[in-house]
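For reference, the structure is listed below as structure tokens.
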Amino acid sequence: MKLRAIIVDDEAPARANLKALLRKQADIELVAECDSGSAALTAIRTMRPDLLFLDIQMPECDGFDVLEMLGGELPPAVVFVTAYDQHALRAFDVGALDYLLKPFSDERFNTALLRARERLPRTQTAPAPARLVLKHAGQVLFLPVADIDWIGAADYYASLHVGAQTHLLRRSIAELAQDLDPATFCRIHRSTIINLAKLQSIEPGEDGEQEAVLTSGARLRVSRSYRKALMERAVR
């Protein structure tokens, strides 16, 4: 079963951005989008979503008012999405799962989704594949996902690095990232995903940028936009 999500924001561009991000999630279905708190109350009570993305400052009825009026009908996972950081403490006091401060990166958004998936029943989420099927020269190879050290983008392919071997999979790295277990694999650059189980350390490189050092000896650049999320995920 897919997770059912509702977006509540009075700004159309903000709703469009969240919708674009959710389209990349195979296990999430957007069941409603609302441009006001009053509309949100009706949609939430009718649709019973698992996941709610909720703006705070809206005309007439703000995000906190919505939660208060819902009472015991709160969705299991509520993520506040706002441009104002002064409401964070109150948001967590009322039971918010996460607090996304606009503008946020794709990786920060994915971290919020990871937390939501961890809170919601596992039976609802699509299981991550244990093996990937690779076809080459008439052969079919079944590669255990746990054996992958890291994944790199190679035009329209993803290059899977397993020890000294490299395998090509005809899928984009963005598509593959959606299928992999987010508790195990972490994006560290727009063109690089690593297996957190293979992460040995994070060190400064020769150019001063941070690098992820894997047990295989590979040193991979960590983009600044993904650095914070990597540090958060690495210590779990």
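Key figures for this structure:
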| read-out | value |
| --- | --- |
| Matching residues, the range 210-223, being within 24 Å of Phe104 (Cβ to Cβ) and either more than 17 Å from the chain's Cα centre (by Cα) or β-branched (Val, Ile, Thr) (or both) | Gln210, Ala212, Leu220, Arg221, Val222 |
| The range 54-99 - residue that is of a type in the set (Val, Ile, Thr) and not in a helix (DSSP H, G or I) and, of those, surrounded by the fewest Cβ atoms within 10 Å (Cβ to Cβ) | Val94 |
| Residue tally, condition closer than 22 Å to Ala146 by Cβ and charged (D, E, K, R), over the range 187-227 | 3 |
| Single unsatisfied condition, Glu209 versus (1) farther than 23 Å from Leu114 by Cα; (2) modelled with pLDDT of 90 or more; (3) in contact with a Ser or Thr (Cβ under 9 Å, 6 or more places away or on another chain) | (2) |
| Any chance Ile151 is assigned by TED's automatic domain parsing to the domain that holds Arg227, part of a strand (DSSP E or B), more than 17 Å from Gln25 (Cα to Cα) and under 14 Å from the mean Cα position of the chain (by Cα) | no |
| Single match in Pro49, Pro75 (criterion: under 19 Å from Thr111 (Cα atoms) and in contact with a Pro (Cβ under 7 Å, 6 or more places away or on another chain)) | Pro75 |
| Residue list for the range 187-236, filter: part of a helix (DSSP H, G or I), closer than 25 Å to Gln165 by Cα and touching an Asp or Glu at 6+ places or on another chain (Cβ under 6 Å) | Lys198 |
| Qualifying position, being surrounded by 15 or more Cβ atoms within 10 Å (Cβ to Cβ), outside the structural domain of Pro76 (by TED's automatic domain parsing) and touching a residue at least 12 places away in the same chain (Cβ under 8 Å), among Asp106, Asp179 | Asp179 |
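The values are calculated or read from the model by the stated rules, or taken from the named source; none is laboratory data. This is a predicted model, so every value here is computed, not measured. Cβ sites come from the backbone with ideal geometry, for glycine too, and all protein chains shown count toward neighbours.
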